[in-house]
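Structure record follows, encoded as structure tokens.
Any read-out appearing in this document is the output of simple, stated calculations on the displayed coordinates, not a laboratory observation. Not measured: the values here are computed from a predicted model. Here the Cβ positions follow ideal geometry from the backbone for every residue, glycine too, while neighbour counts run over all protein chains shown.
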Amino acid sequence: MIKHILTLVWNKKRTNMLMMLEIFLAFLILFSVFTFAINFLRMYQSPLGFATRDALLVQLMLDDGMDSVAHLEMRQQLRREVELLPAVQTTSFNSGVTMFSGSMWTTSNNDNGFLLETCIYHADEQFAAAASLNLVEGRWPEVSDQNNKYAPVVINRRLREAYFGDKPVIDSIIMLDGEKKIMGVVDHFKYQGEFETERPLTFFFLPLHDENLRTLYVRLKPNTPPEFEEELNKTIARVTRRRDFVISSVDADRVRQSRQVWVPMITALLICGFLILNVALGLFGVLYYNISKRRAEIGLRRALGATQGAITRQFTAEVMVVAAAGMLLAILIAVQFPLLAVFDVPAENFYWSILATTILILLVVLICAFSPSRQAAAVQPAVALHEE
């Protein structure tokens, strides 16, 4: 039976070659889009690790001529005034590199006996509580820790797994812009966005007098109305004596950045939907045309005793063989991407994409082949032979 099907496919190789090429190209396009979608969706499944709802970020514009004492007094007063507002739970000062800002601070060295690469995030002693960070080991630095021999840092789980494995890290000393003491480990912190890979990260503790603390993270009480921003604006302007600061919603920043991925992803999937529709219509047309050209053959097979089920299976098998040949060629190309590590994408994402594309195309081909095959099986042998 298989040899017979292969012979029939080979005898119509010119027509089948076009169908094979169509499926080959459709597979590669779908594979590319599915890889893109699966890669970003798997990133999306990983938690951010901090609170975005009921939170505001204030980008402060401070005078460069202020000394450390002036910075300290201004920030202490600003914290007191803002936290006295009834809608505010707590506050925290960060550097200019903040959530969803699109900026990143990285460093690397070989001082620990291995290449250590990490992102840097500067924050004060209240950031863990304000942003609802999940500390899985140790604790967050306190103000008193700034007087210790070693400057305190907190790392994320990603850095711990990448460089320390199962070794204990709390109270360990590492070389990172000088000697630092690891005081805690947070579970997740994807401050670059929902569709970003979580990178190894280190939190540097900065006291309030440090000039790099130029952003105020304000955690609000639940269901705080948007009108509160006006009251916050007046308070900050009164304390800083400036009005060139910017207040933004952390959740709105998250949505705005995520939209940069959602929009092209949905657009690409819609284009793939139209591609699948065109492939399906093309298959329908080719199969109906082939059946109309082979009515005499069908009638002869029926006259020789072939059942309707046998005719249906034959035509369906022919189409599936052609589709399988086109997909096999495409799969041979697709598997080169994870094997050669062409892109910075986990290999399993490529394999999931190959599987999803294969299943989708097989389903489309099977659905498209069923109706024409049923029509071929319904041909009456006497009528077909009489027409011939």
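General observations
- Amide H to amide H, with H built 1.01 Å from N, N134 comes under 5 Å of D187, H188, counting only residues 5 or more places away or on other chains.
- The protection proxy used here, the mean number of other Cβ atoms lying within 10 Å of each residue, ranks peptides 52-63, 321-332 as follows, highest first: 321-332, 52-63.
- Across segment 217-233, computed HN-Hα scalar couplings (Karplus, 6.51 cos²θ - 1.76 cosθ + 1.60, θ = phi - 60°) run 8, 10, 8, 9, 6, x, 6, 6, x, x, 4, 4, 4, 5, 5, 5, 4 Hz from first to last residue, x flagging Gly and Pro.
- Bridgeable aspartates and glutamates around K167 (alpha carbons under 15 Å apart, same-chain partners fewer than 8 residues away excluded): E137.
- Rounded FRET efficiency, nearest 0.05, which uses the C-beta distance separating I266 from L72 and R0 of 51 Å: 0.60
- Relative packing of 243-253, 258-268, which averages over residues the other C-beta atoms within 10 Å, highest first: 243-253, 258-268
- Sorting the segments 166-179, 272-285 by their mean number of nearby beta carbons within 10 angstrom, highest to lowest, gives 272-285, 166-179.
- Backbone phi angles across segment 48-54, fed through the Karplus curve with coefficients 6.51, -1.76 and 1.60 (θ = phi - 60°), yield HN-Hα couplings of 5, x, 8, 7, 10, 6, 6 Hz in residue order; Gly and Pro are listed as x.
- Residues T90 and V255, FRET efficiency given R0 of 25 Å [Cβ-Cβ distance, rounded to 0.05]: 0.60
- Each label was represented as a point 7 Å from its Cα along the Cα-to-Cβ direction; for E211 and L328 these points are 7.0 nm apart.
- Across segment 113-125, coupling constants 3J(HN,Hα) worked out from phi with the 6.51/-1.76/1.60 Karplus curve, θ = phi - 60°, read x, 8, 6, 10, 10, 8, 7, 10, 10, 9, 7, 8, 6 Hz, and Gly and Pro carry x.
- Were the residues from F164 through R80 laid out at 0.36 nm apart, the gain over their Cα-Cα distance would be 26.3 nm.
- Förster radius 45 Å - calculated FRET efficiency between R42 and N148, Cβ distance, rounded to 0.05: 0.65
- Built amide H within the under 5 Å cut-off of L220, gap 5+: A55, L56, Q89
- Antiparallel bridges, percent of DSSP beta bridges restricted to segment 61-244 (to nearest 5): 65 percent
- Segment 326-362 versus segment 28-90: alpha-carbon centroid distance in Å: 37 Å
- Extension gain, F284-L355: 0.36 nm per intervening residue step, less the Cα-Cα distance, totals 23.2 nm.
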